[in-house]
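S.K.: Dropping a structure here in structure tokens format, bear with me for questions.
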Amino acid sequence: MAQNAWQKSSFSGGLDHDDCIELAARQGLVLLRESDEPGTTVTTTATGLAALIRHIRLSR
């Protein structure tokens, strides 16, 4: 199985912070994980992730 190329979210407070959200793309899906819990992932679509981000922004 191919290894995921995880990328730190730009909203995670910069490169020096250990607590961040990381994303990876795989076969048309988006995977999310917290850097301090790399074994636990959430899988969604790009559309689903965009809807989540919109919801969070509107809830502020």
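S.K.: Collect residues whose amide H, placed 1.01 Å from N in the peptide plane, falls under 5 Å from the amide H of TRP6; neighbours closer than 5 in sequence don't count.
M.R.: The list, which skips near neighbours in sequence, is empty: none.
S.K.: Estimate the FRET efficiency between SER59 and ALA25 by the formula 1/(1 + (r/R0)^6), using the beta-carbon distance for r and 25 Å for R0, to the nearest 0.05.
M.R.: Efficiency, from the Cβ-Cβ distance: 0.45.
S.K.: While we're here: Given H placed 1.01 Å from N in the peptide plane, which residues other than close sequence neighbours of VAL30 have an amide H under 5 Å from its amide H?
M.R.: THR44, THR45, ALA46
S.K.: When the Karplus curve 6.51 cos²θ - 1.76 cosθ + 1.60 is applied with θ = phi - 60°, which whole-Hz ³J(HN,Hα) does each residue of region 38-52 get, with x for Gly and Pro?
M.R.: Using θ = phi - 60°, the values come out as x, x, 10, 10, 10, 10, 8, 9, 4, 5, x, 5, 4, 5, 4 Hz.
Each value in this text was obtained by applying a stated rule to the coordinates, not by laboratory testing. Small disclaimer: the values here were computed from a predicted structure and weren't measured. Because the Cβ atoms are built from the backbone with ideal geometry, glycine has one as well, and the counts that use them run over all protein chains shown.
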